[in-house]
Amino acid sequence: MRREPPRSLADYTPLVFPALMLTVFFVIPFSTMIMVSFFRRDPAGFFKPDFVVDNYARFLSLFFGNVLGFSLMLAIIVALCCVAIAFPFTYLLTKQSRKVQTVWLVCLLSVLSLSEVIIGFAWSTLFSRTAGITNLFVWLGLMTEPQALLPGFGAVLTGMVYQALPYTILVLYPALVRLDPTLLEAARTLGASPIRAFLNVVVPALRNTIVATLIMVFVFALGSYLLPQILGRPQHWTLSVLITDQAIYQSNIPFAAAMAVFLVLMSLALVGLTLLVGRRENAG
Amino acid sequence: MSGLSLNDITKQFGDFTAVDDVRLDVPHGTFVCLLGPSGCGKTTLLRMIAGLEEPTAGAVVLDGKDITAVPTHKRDLGMVFQSLALFPHLSVGDNISYPLRIRGASRNEQNKRTEELLTLIHLSGYADRPVAKLSGGQRQRVAIARALAISPKLFLLDEPLSALDAKLREAMQVELRQLQQKLGITTIVVTHDQREAMTMADLVVVMGNGKIRQAAPPIEIYRRPADAFVADFIGSTNLLEVTADSAGRAIVLGQAIAGLKLPGGVGKASLSIRPEDVHLDKPGKDAIDGTVIFVRDLGGTIETFVEAGGANIVSVATPRERPNVKQGQKVGVVLPPESCVVLAL
Amino acid sequence: MTERLLRRFYFFLVGLFLAAPLIVVAGVSVNEKQDLAFPPKGFSLDWYAEIFVNPEWRKALVASILLALSAAAIAVAIALPLAWFLWRRIAPWANIFQLLGVAPFILPPVITALGFLTFWANAGFYGQPWTAAISHAIFFVTLPLVTLSLGFASIDRSLVEAASTMGADDRTVLKTVVLPLILPYLVSGYAFAFVLSLNEYIVAYMTVGFTMETLPIKIFNALRYGYTPTMASVSVFFVAIAALVFGLIARFGDIRRLLGAMSSDSN
């Protein structure tokens, strides 16, 4: 069956259901959210139709500025850590046998699919005083008494790197596994050591992939909504946490919606940047 | 008329004309080879016969009925694809019985016919094997059997043997021709291999740039090519410039060819002569003077390359006919007039 | 030699990092008493039984599984015709739906969740269990859409042409050639969506959080109001389900290909 343009209305039938579902349950909710971001909060129910920009005006506060700054910084650090750990790892992984690769991929997918709730719970246990890693250190004689390692910035960062690392590896995997192996072999025959060849050949060849991955992981980390809450203190809360908090606990959906719209615009801008980087990679 | 007619078929892809006003009549039971270099439009023509492409203009007529607008699945064809297109999710038997199954044939009928076909292609007992477990030649045969399952009105093959190695390909050519003769089905094969066309075809259709350059039985194509393109594409040939003197006699490289005349009014033309028709003799006044520049002894034949008046002429002979010609030797090149084909420029 | 040792060590470190919290949780889950202790004090599998015996946990488990089964089914029902259409037809503008199918997965989940919250609240269906199924289906439609697009791209188009020369019309081709070839990708897409829906928290929470508890919601609520080892056993149970499902996909399909190891535009 060659690809051909639709000729009659009947040829469009397969598109009807998907188009309907995606429009009704994605485009409309999304638009609703944008609309609600201009509504007024109604303490009795959810919100009252209106047109106010107060929700956006609240961004201008120092508090909001701090949260935004912290969110961005955290996401950048997470992205850098993840790519720094994942790039060499993924590269080495693609050099393994198919069987080893498959086992690792299954493990990575299993961790990736884990609920943020479970990740948060698992790390809060690992960092706890009674069941945590410090007990091991005490047993090894490195510490005199077990202590809790959370809440704190270190805990939040560790949890988020844990959450984003499998994602990073899986984003890098296709590019690295398709990398022409003769490129590296050529470098080796020219006298470069494996590590030199990796740094001089693989890394520059995939510079754009690395940039694109950094951005994707950054956006992924921006979306983390529970870990800062479970593993951190209120000053470690990110925009995503704040949105959840406003929507659910403060029942201020219009303000939550306004923040969400802001977050979308930022994510979209970054995804667009990724595509641009990707295009340049293909062109060049 | 019984058989296939292509009536002024044209196919354009955007600005590019892939098939240009092709007209061809194929009597029932004929084995046709569409032959030409890649990009000449032969595969596109075959796909239009199959209904996989729609002609921009013209009609495909089968047994007197215009089938141009009939969708592929209602044409009752058998087609073998270049990739063979065996269904990887079906066994050998299920591949072969596929056309019967979707036509609602009973399980019994399907099994009987599948057995028949497997016997025909010397693969009886292979019905339950997965196609992935077959060798190249076996896969080839399964694809052929599958295409023949319904005794189609037309048997179409697109470069069917291109994936096989040279030895197997030659064997399959003979096998395919014998099979077709046994079944008497109108068969159209697309190929770029002139040897394959010569082996199998009743009718060779040479295509170039979307046009039919010549359609004739293989030996006629070889002996009487219609133009320089055909002469050059089919086998190897010597193409020389020929002019007419005042008496209309043909002059090649300054030497008149006795008994060969150019058609009236033609001053200049191209002359094609096959290497095996070029004789080498001692230099003399009835021969073209030349020097042997290279000798290639291939065991079965000896190819002699002669430089004469600025042109290169190749002559082929058996070792028995020409035991000892040496590089640098002066020779006389003789072109027998009955073997010379004069082609308009 | 040192090179190999270094590589092994690096793999070990990454593996340890990924496994450590799960090992601790697994250890905690077999505590005999209701302690948050590691290494565990005593050994007991009671907390695993608790998932199925305790009516509240069981209810959450059933709710989660029903939600994941139906959400994955709807997601596949959306993705299959869309991927088929995009493969079969030349209609560049239809790519907008592909974009719409991928967008919810790329955007921060909170946004999609909030979109659903405002939508269902406006539509007056807020809190109905089926709204969570549809929301999850849209949220995870990306997964079957990607696997099916890969699957379609891997089909040699001459197979389809061959079927039509043998007398199969479009519908028959779909049934006898395309669907059998696409089936592994369909199953993978369903499985991916199922596992992720099972684990999803925020969308479920914002759509049905106040009327229904899925397991992740239940774990989170339990986390806020105290500790019970059942949380640990449920977590281990979920990791096991994910590993089992992805293991099966790897066993019966080519997971490397699904994750992009081979170029999808091979034909």
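The values are calculated or read from the model by the stated rules, or taken from the named source; none is laboratory data. Since the model is a prediction, treat every value here as computed from it, not as a measurement. Using ideal geometry, Cβ is built from the backbone for each residue, glycine included, and neighbour counts are taken over all protein chains shown.
Being over 21 Å from the mean Cα position of the chain (by Cα), part of a helix (DSSP H, G or I) and within 14 Å of chain C (Cβ to nearest Cβ) narrows it down to one residue among A:Phe262, A:Phe255; which is it?
From the options A:Phe262, A:Phe255, the qualifying one is A:Phe255.
Working carefully through the options C:Ala94, C:Ala60, find the one that is touching a Leu at 6+ places or on another chain (Cβ under 9 Å), at pLDDT below 90 and in the same structural domain as C:Val141 (by TED's automatic domain parsing).
It is C:Ala94.
Scan region A:40-60 and tell me whether some residue there is farther than 30 Å from C:Glu161 by Cβ, more than 10 Å from chain C (Cβ to nearest Cβ), out of contact with any Asp or Glu (no Cβ under 7 Å at 6 or more places or on another chain) and surrounded by 19 or more Cβ atoms within 10 Å (Cβ to Cβ).
Yes: one or more hits.
Is at least one residue of region C:78-89 surrounded by fewer than 20 Cβ atoms within 10 Å (Cβ to Cβ), small (Gly, Ala, Ser) and in the same structural domain as C:Leu186 (by TED's automatic domain parsing)?
no
Being over 13 Å from the mean Cα position of the chain (by Cα), part of a helix (DSSP H, G or I), more than 12 Å from every other protein chain (Cβ to nearest Cβ) and of a type in the set (Val, Ile, Thr) is the requirement here; does A:Ile243 meet it?
no
Somewhere in region A:220-233, is a residue hydrophobic (A, V, I, L, M, F, W, C), in a helix (DSSP H, G or I), within 21 Å of C:Pro109 (Cβ to Cβ) and free of Cβ contacts under 8 Å to residues at least 24 places away in the same chain?
no
So which residues in region C:17-73 are over 16 Å from C:Phe238 (Cβ atoms), part of a helix (DSSP H, G or I) and basic (Lys, Arg), if there are any at all?
Listed by number, the list holds a single entry, C:Lys59.
Report yes if some residue within region B:133-154 is assigned by TED's automatic domain parsing to the domain that holds B:Pro225 and free of Cβ contacts under 8 Å to residues at least 12 places away in the same chain; otherwise report no.
Checked against the condition, which is being assigned by TED's automatic domain parsing to the domain that holds B:Pro225 and free of Cβ contacts under 8 Å to residues at least 12 places away in the same chain, region B:133-154 yields at least one hit.
Taking the residues in region C:95-131 that are part of a loop (DSSP other than H, G, I, E, B) and surrounded by fewer than 22 Cβ atoms within 10 Å (Cβ to Cβ) as candidates, determine which candidate is nearest to the other protein chains (Cβ to nearest Cβ).
Ranking the candidates gives C:Tyr126 first.
Kindly indicate whether C:Ser135 is at the interface with chain B (Cβ under 10 Å from one of its Cβ atoms) and crowded, with 18+ Cβ neighbours inside 10 Å.
Against the criterion (at the interface with chain B (Cβ under 10 Å from one of its Cβ atoms) and crowded, with 18+ Cβ neighbours inside 10 Å), C:Ser135 does not qualify.
Could you please give the count of residues in region C:18-40 that are within 10 Å of chain A (Cβ to nearest Cβ) and either without any contact (Cβ under 8 Å) to a residue 60 or more places away in the chain or among the charged types (D, E, K, R) (or both)?
The qualifying residues number 12.
When residues of region A:168-182 are filtered for being part of a helix (DSSP H, G or I), within 15 Å of A:Ser97 (Cα to Cα) and facing chain C (nearest Cβ under 9 Å), how many remain?
Looking only at that region, the number is 2.
Looking at region A:17-35, which of its residues are closer than 15 Å to C:Ala79 by Cα and either surrounded by 21 or more Cβ atoms within 10 Å (Cβ to Cβ) or facing chain C (nearest Cβ under 7 Å) (or both)?
If the condition is that a residue be closer than 15 Å to C:Ala79 by Cα and either surrounded by 21 or more Cβ atoms within 10 Å (Cβ to Cβ) or facing chain C (nearest Cβ under 7 Å) (or both), then A:Phe17, A:Pro18, A:Ala19, A:Met21, A:Leu22, A:Phe25, A:Phe26 are the ones that fit.
To keep it simple, each residue is scored yes or no on (1) more than 9 Å from chain A (Cβ to nearest Cβ); (2) part of a loop (DSSP other than H, G, I, E, B); (3) out of contact with any Lys or Arg (no Cβ under 7 Å at 6 or more places or on another chain); (4) at pLDDT 90 or above.
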| residue | (1), (2), (3), (4) |
| --- | --- |
| C:Thr211 | yes, yes, yes, no |
| C:Pro216 | no, no, yes, yes |
| C:Phe220 | no, no, yes, no |
| C:Leu223 | no, no, yes, no |
| C:Met231 | no, no, yes, no |
| C:Ser235 | no, no, yes, no |
| C:Ala242 | no, no, yes, yes |
| C:Val245 | no, no, yes, yes |
| C:Ile249 | no, no, yes, no |
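Identify, from the list A:Met216, A:Met259, the residue that is of a type in the set (A, V, I, L, M), more than 17 Å from A:Val36 (Cβ to Cβ) and crowded, with 19+ Cβ neighbours inside 10 Å.
A:Met216
Kindly indicate the residue of region A:221-240 that is within 10 Å of chain C (Cβ to nearest Cβ) and in contact with a Pro (Cβ under 8 Å, 6 or more places away or on another chain) and also nearest to A:Val67 (Cα to Cα) among those meeting that condition.
Here the answer is A:Thr238.
Of all the residues that make up region B:103-130, how many are assigned to a helix (DSSP H, G or I) and crowded, with 18+ Cβ neighbours inside 10 Å?
Adding up the residues that qualify gives 5.
Among (1) of a type in the set (S, T, N, Q); (2) over 29 Å from the mean Cα position of the chain (by Cα); (3) surrounded by 23 or more Cβ atoms within 10 Å (Cβ to Cβ), there is one condition B:Gln140 misses while meeting the rest; what is its number?
Every listed condition holds for B:Gln140 apart from (2).
Go through the residues of region A:272-281 one by one and say whether even a single one is modelled with pLDDT under 85, under 24 Å from A:Leu93 (Cα atoms) and surrounded by fewer than 22 Cβ atoms within 10 Å (Cβ to Cβ).
Scanning region A:272-281 turns up at least one residue that is modelled with pLDDT under 85, under 24 Å from A:Leu93 (Cα atoms) and surrounded by fewer than 22 Cβ atoms within 10 Å (Cβ to Cβ).
Could you grab me the full set of residues in region C:1-58 that are surrounded by 12 or more Cβ atoms within 10 Å (Cβ to Cβ) and among the β-branched types (Val, Ile, Thr)?
Selection gives C:Val14, C:Ile23, C:Val24, C:Val25, C:Val28, C:Val30, C:Ile51.
Restricting to region B:51-77, and then to whatever is within 13 Å of C:Glu161 (Cβ to Cβ) and touching a residue at least 24 places away in the same chain (Cβ under 8 Å), can you tell me which residue is nearest to the other protein chains (Cβ to nearest Cβ)?
Only one residue fits best here, namely B:Leu77.
Which of the numbered conditions does B:Arg195 fail, given that it passes all the others? Conditions: (1) under 24 Å from B:Gly93 (Cα atoms); (2) at pLDDT below 90; (3) assigned to a helix (DSSP H, G or I).
For B:Arg195, the exception is condition (1).
Out of region C:138-165, which residues are surrounded by fewer than 24 Cβ atoms within 10 Å (Cβ to Cβ) and closer than 30 Å to B:Ala50 by Cα?
Hits for region C:138-165 are C:Ser149, C:Leu150, C:Phe152, C:Ala153, C:Ser154, C:Ile155, C:Asp156, C:Arg157, C:Ser158, C:Leu159, C:Val160, C:Glu161.
Name the residue, out of A:Pro6, A:Pro14, that is touching a helix residue (DSSP H, G or I) at 6+ places or on another chain (Cβ under 8 Å), part of a helix (DSSP H, G or I), facing chain C (nearest Cβ under 7 Å) and not acidic (Asp, Glu).
Of the residues listed, the single one that is touching a helix residue (DSSP H, G or I) at 6+ places or on another chain (Cβ under 8 Å), part of a helix (DSSP H, G or I), facing chain C (nearest Cβ under 7 Å) and not acidic (Asp, Glu) is A:Pro14.
Among the residues in region A:189-197, are any away from every other protein chain (no Cβ under 14 Å), aliphatic (A, V, I, L, M) and within 29 Å of A:Gln163 (Cα to Cα)?
No, every residue in region A:189-197 fails to be away from every other protein chain (no Cβ under 14 Å), aliphatic (A, V, I, L, M) and within 29 Å of A:Gln163 (Cα to Cα).
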